[in-house]
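**Q** What follows is a single structure, and I will ask about it in a moment.
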Amino acid sequence: MKKIALFLGILFCYTSAFAASDNPFMGNHKNQIALNIGQGVNSGFLIPPPTQLVPFYLTHFQYSQPTTFFKVPARQSINISQTLGFGQKYGWDWDKYTIPMIFLSEDIAIAHGENWYFSTGIGMGLQAQQNERLGAKLLFQFKLIGGYRITDNWGIEVFMQHFSNANTAQANYSYAFYGLGVTYSF
C-alpha cells in the first residue's frame, strides 16, 4: 500500500509539472469526436503483450469534453463500441463476441508537450449481452494512449484498450485491443 501511495504521489507531482492552460487532448476546443479501430489480442493481462493476435476487432466512436483530474488535464467521454469476431483461434469462438458496448470514461494526461500527449484512462459501462469470456454485462475499461495533434483540429492516437468485468463474475478472460484513432476537436 505504501508503494502505491508513493507512486501516486510521484505521478501527481510529475503531472502537475506538465499542467498547461490548453488541454493537450483538444487545445482550446470544448468538444471532440474520435473514431478508433482496434485489433484484438488473446490475453488476460491488464497490459497484454501483442503476441497472440486474434480475428477480433473493435470499432469505437467517442465524444469527449475537456476536464481536469486533480488539476491534471483530462477528458471525459461517452463511448459507443462494436466488437467484431470471426472464426475460431486459441480455443475461442470469436463470432460469439460480436457485441455492442456503451461506456463512460476519463482519460488523464500523464505527460504532454505542445502537440503530443501520453495518457491513461479508465471507464465503466455495459455490453449488450453476457458471454462465457467475460461472464457479465458490466464492463470496466483501462486504456493507454499516445497522441499527437497534427493541426489545431485534427489529431491521431495509438492505444491499448483492455475490457474486463473486474472479477464481478466467475469468467473473466477480458477483451484487449491495440489500435489507431483519429480525433477532431471543435
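No value in this document is a laboratory result; all are computed from the given coordinates. Bear in mind the structure is a predicted one, so any value in this text is a computation, not a measurement. Neighbour counts are summed over all protein chains in view; Cβ atoms, including those assigned to glycine, are modelled from backbone coordinates with ideal geometry.
**Q** Determine, for each peptide in 105-117, 37-49, the mean count of other beta carbons within 10 angstrom over its residues, then list the peptides with the highest first.
**A** Those peptides, ordered most packed to least, come out 105-117, 37-49.
**Q** Can you compute the charge dipole magnitude of the chain about its Cα centre, using +1 on each Lys and Arg Cβ and -1 on each Asp and Glu Cβ, nothing else charged? Give it in debye, rounded to the nearest 20.
**A** 360 debye
**Q** Quick check: pseudo-label points 7 Å beyond the Cα along Cα→Cβ at Ile150 and Gln170, how many nm apart are they?
**A** If labels sit at Ile150 and Gln170, their model points lie 4.9 nm apart.
**Q** Here's something else I'd like to know. When we measure straight from the Cα of Lys137, which aspartates and glutamates land under 19 angstrom away, once same-chain ones fewer than 8 places off are left out?
**A** By straight Cα distance, Lys137 reaches Asp93, Asp95.
**Q** Which of Trp92, Gly121, Leu138 sits closest to the plus end of the dipole of the stretch 87-138, meaning its Cα is farthest towards the positive end, when Lys and Arg get +1 and Asp and Glu get -1 on the C-beta?
**A** Of the candidates, Trp92 comes out farthest on the positive side.
**Q** Restricting attention to the alpha-carbon atoms of the stretch 100-153, what are Rg (one decimal) and Dmax (integer), both in Å?
**A** When restricted to the Cα atoms of the stretch 100-153, Rg and Dmax are 14.9, 44 Å.
**Q** Here's something else I'd like to know. Given the pairs Lys30/Lys96; Lys30/Lys143; Lys89/Lys143, which are separated by over 32 angstrom at their Cα positions?
**A** Beyond 32 Å: Lys30/Lys96.
**Q** Tally Lys/Arg at +1 and Asp/Glu at -1 over every other residue whose Cβ is under 11 Å from the Cβ of Ile122; what's the total?
**A** Summing Lys and Arg as +1 and Asp and Glu as -1 gives -1.
**Q** In whole Hz, what ³J(HN,Hα) sequence does the stretch 161-177 give by Karplus (6.51, -1.76, 1.60; θ = phi - 60°), x for Gly and Pro?
**A** Residue by residue, the stretch 161-177 yields 10, 10, 10, 8, 9, 6, 6, 8, 9, 5, 7, 7, 8, 6, 10, 9, 9 Hz.
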